[in-house]
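First comes the structure, then the notes that go with it.
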Amino acid sequence: MRRLLILLLATALSACTPQQALLSALVPDGTASVLLGHLQGVEDGNRRRIVELEQRGAWSELAAFADANIGRDPFSPEWRMIGGYAQARQGEHRRAATYFAEMVRLAPDDPAGYHFLAEAQRAAGQPLLALKTLDRALLVLRDSPLTHHLAGETNSDLGRFREAAGAYRRALRDAPGFADAWFGLGRAALELGRESEAREALAALEQLKSPLAAALGAQLAKPR
């Protein structure tokens with residue numbers, strides 16, 4: 001999951017939103033500023049405490065800090081996000097999913113909650129639940145390249161490569177510079193025996209000067 005999200009952050013999405021960028025809170029480095037960007041309503045002292053705990057990697061303390069603030073403000077989606085993030089960093093993905101599910105319930109129009117929840121469900125080995133979450137997200141977001149990409153990844157988890165390829169195509173329809181979606185499409189095409197489509201993806205990655213081009217090229221070079 002971390003590799004996926006790191007690559008998403010490096011991708012020049014034409015319609016990238018602050019909510020989509022918030023997914024970087026699940027990667028190892030450089031997360032504090034992104035977390036704070038989603039916590040404008042949180043008191044400054046609490047914000048400083050979040051940064052300090054995040055930078056120390058004190059995940060159990062951060063989880064306890066989030067829980068204490070949830071107790072004081074049970075209707076805050078922001079504290080559910082922090083709690084879920086802390087649980088995910090401890091590898092407690094099913095527990096993280098419960099926080100993100102509450103984030104979705106409290107802020108149903110915020111795409112970040114759906115994306116967090118789906119990724120936690122994937123990490124917990126629950127891809128079918130993740131797909132249901134992403135379907136719900138699309139009712140809110142309509143056309144979201146990131147949501148379609150995550151659906152492609154989840155379908156790939158399930159070995160449903162035809163569905164995955166379709167999801168990656170939908171992601172690329174509105175974000176043609178989304179390198180990770182091209183890579184996913186290339187992988188799915190290879191699984192389906194559609195070499196010309198995989199070569200199309202490789203050409204796109206090379207044009208974007210993405211490091212993923214080398215990985216896809218290596219897969220294409222393998223005898224089949």
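The values are calculated or read from the model by the stated rules, or taken from the named source; none is laboratory data. Computed from a prediction, not measured in an experiment: that's the story for all the values here. For neighbour counting, all protein chains shown are included, and Cβ atoms are generated from backbone atoms with ideal geometry for every residue, glycine included. For accessibility, only protein heavy atoms count, side chains too; no ligands or nucleic acids. Shrake-Rupley method; radii C 1.70, N 1.55, O 1.52, S 1.80 Å.
Some values worked out for this structure:
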{"read-out": "Test item: Cα-centred dipole of region 92-192, Lys/Arg +1 and Asp/Glu -1 on Cβ, debye", "value": "240"}
{"read-out": "Region 85-224: equivalent-ellipsoid semi-axes (sqrt of 5 x gyration tensor eigenvalues, Cα, Å)", "value": "29, 16, 13"}
{"read-out": "With every protein chain in place, region 49-205: carbon and sulfur % of accessible area (1.4 Å)", "value": "49"}
{"read-out": "Length-normalised contact order of region 76-145 in % [C-alpha pairs under 8 Å, at least 6 apart]", "value": "26"}
{"read-out": "In sequence order, calculated HN-Hα J values of region 193-209 (Karplus, 6.51, -1.76, 1.60; Hz; x Gly/Pro)", "value": "x, 9, 5, 5, 5, 5, 5, 4, 5, 4, 4, 5, 5, 5, 5, 7, 6"}
{"read-out": "Surface accessible to a 1.4 Å probe, HIS93 within the full protein complex, Å²", "value": "40"}
{"read-out": "Cα gyration tensor, region 148-224 - rounded (a/c under 1.5), prolate or oblate", "value": "oblate"}
{"read-out": "Rounded accessible area of ARG136 (nearest 10 Å², 1.4 Å probe)", "value": "120"}
{"read-out": "For region 113-128, Karplus couplings with θ = phi - 60° (6.51, -1.76, 1.60), whole Hz, Gly/Pro x", "value": "x, 5, 5, 4, 4, 4, 5, 5, 5, 4, 5, 7, x, 10, x, 5"}
{"read-out": "Gyration tensor (alpha-carbon) shape descriptor, region 138-183, a/c threshold 1.5", "value": "oblate"}
{"read-out": "Heavy-atom SASA rank of VAL140, VAL51 (probe 1.4 Å, accessible area, largest first)", "value": "VAL140, VAL51"}
{"read-out": "Top positive-direction residue, dipole computed over region 155-224 with Cβ charges, set ALA171, ALA204, LEU220", "value": "LEU220"}
{"read-out": "Accessible area expressed per residue, region 73-189, with surrounding protein chains retained (probe 1.4 Å, Å²)", "value": "37"}
{"read-out": "Relative contact order for region 183-224, counting Cα pairs under 8 Å that sit 6 or more residues apart, in percent", "value": "39"}
